[in-house]
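The values are calculated or read from the model by the stated rules, or taken from the named source; none is laboratory data. All values derive from a computational prediction rather than experimental measurement. Here the Cβ positions follow ideal geometry from the backbone for every residue, glycine too, while neighbour counts run over all protein chains shown. Accessible surface is based on the protein model in full, side chains and every heavy atom, while ligands, DNA and RNA are left aside. Shrake-Rupley method; radii C 1.70, N 1.55, O 1.52, S 1.80 Å.
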Amino acid sequence: DFAIRPVGSGPLRVTQFDKNSGIVAEKFKGFVPSPTKSPAGFGNLIAQPIQDFGTLTAALLTGTADVVRDLPIDQVVSMTESGKFDVSIAPPYVGYSFLGFPSSAVANVPALGDVRVRTAIMKAIDRQAIVKIKMAKFASGVTPSEALCSKEQLGCGYTKQVPGYDPAGAKKLLEEAGYANGFDVTISTFPTNATEATAMAGMLRTVGIRASVQPHPPAQRVQLISQGKVEIGYYGWDGSSSFESSGPIGRHVDSKEYADPALAQLADATRLIMDDGERRKATAKVFDYIMDQAYAFVIVPSRAT
């Protein structure tokens, strides 16, 4: 019951919570404001989950919704150009979208078991172009992230960055691995990331990899990976609620998507280190190893609209 009857002493008091219909909250009269946290500027808040983007846009156009979040960027652009709506772009989070290669997929696509092939896939992707696709006219000043954690985070260390865009180098690696004629592969992704995944599939086709895109609901991700049905995964991740490197380590190592005991051992060595400098040295071994093995690559940072 605690999970569905949240309590607290913040500026809002939750009066209704339902996983299907959303959250209803009201201004909490017992809240004690401070210089850094003021009282709520409204009486009631209704937050509703709407999965269909068309319905979400209609809610905004009809005044049913006052604020919406994370519309597809093409809809954001058209709505702001109408002059009736404002848009704000949140600063970069520690979250990001990333390309991953679950070990369970090798049975379906043997080529993905070769580190040269996984590296070739990354070299074939123009990440700056994906930023522009994701952010459209709001992409100014946004650059791809360097690694699976940000050095602004406590305990984040790395020395190796994502390979640069190099389609010629990608073709060479594929030829060395014995896949000069390419192979068929599917990119699994959430519906919100399908546009970027489709663009990446096109980039892979230019180097001979016949990629297609298969969107699925977020709730199915873990099951599909465990069943070996995610060959390449392109997913968004919120970066964890803690501004610290254990979040990305948990996401990419503790999830056990990459069946590699050596990686797990490197991650375990970071857990009890409290000194930030020493911890960065230890986590660098984790993230550099992931890069060396081409298990996962960050694509673009998260920015909310």
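A quick yes/no check of all residues on (1) farther than 16 Å from LEU148 by Cβ; (2) of a type in the set (Lys, Arg); (3) open to solvent by less than 40 Å² (accessible area, probe 1.4 Å):
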| position | (1), (2), (3) |
| --- | --- |
| GLY233 | no, no, yes |
| GLY236 | no, no, yes |
| ALA259 | yes, no, no |
| ALA262 | yes, no, no |
| ILE273 | yes, no, no |
| ASP276 | yes, no, no |
| THR283 | no, no, yes |
| ASP288 | no, no, yes |
| GLN293 | no, no, no |
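The condition of being hydrophobic (A, V, I, L, M, F, W, C), at pLDDT 90 or above and either open to solvent by 70 Å² or more (accessible area, probe 1.4 Å) or more than 30 Å from THR195 (Cα to Cα) (or both) does not hold for ALA3. Taking every residue in region 42-54 that is within 21 Å of LEU12 (Cβ to Cβ) and pairing it with any residue that is at pLDDT below 85 and open to solvent by 100 Å² or more (accessible area, probe 1.4 Å), at least 6 positions away or on another chain, the pairs with Cβ-Cβ distances below 9 Å are PRO49/LYS19; PRO49/ASN20. Just one of the listed residues (SER97, SER88, SER82) is out of contact with any helix residue (DSSP H, G or I) (no Cβ under 9 Å at 6 or more places or on another chain) and more than 30 Å from PHE31 (Cβ to Cβ), namely SER82. When each of ALA58, ALA47 is tested for being touching a Gly at 6+ places or on another chain (Cβ under 6 Å), over 30 Å from LEU148 (Cα atoms) and open to solvent by less than 90 Å² (accessible area, probe 1.4 Å), the lone residue that passes is ALA47. Of all residue pairs spaced 6 or more apart or on separate chains, those with beta-carbon atoms under 6 Å, a first member in region 240-254 that is closer than 12 Å to ARG271 by Cα and open to solvent by less than 30 Å² (accessible area, probe 1.4 Å) and a second member that is among the hydroxyl-bearing types (Ser, Thr, Tyr) and in a helix (DSSP H, G or I) are SER245/THR283. Scanning region 148-168 for residues that are of a type in the set (Gly, Ala, Ser) and either within 24 Å of ALA201 (Cβ to Cβ) or touching a strand residue (DSSP E or B) at 6+ places or on another chain (Cβ under 6 Å) (or both) gives GLY155, GLY164, ALA168.
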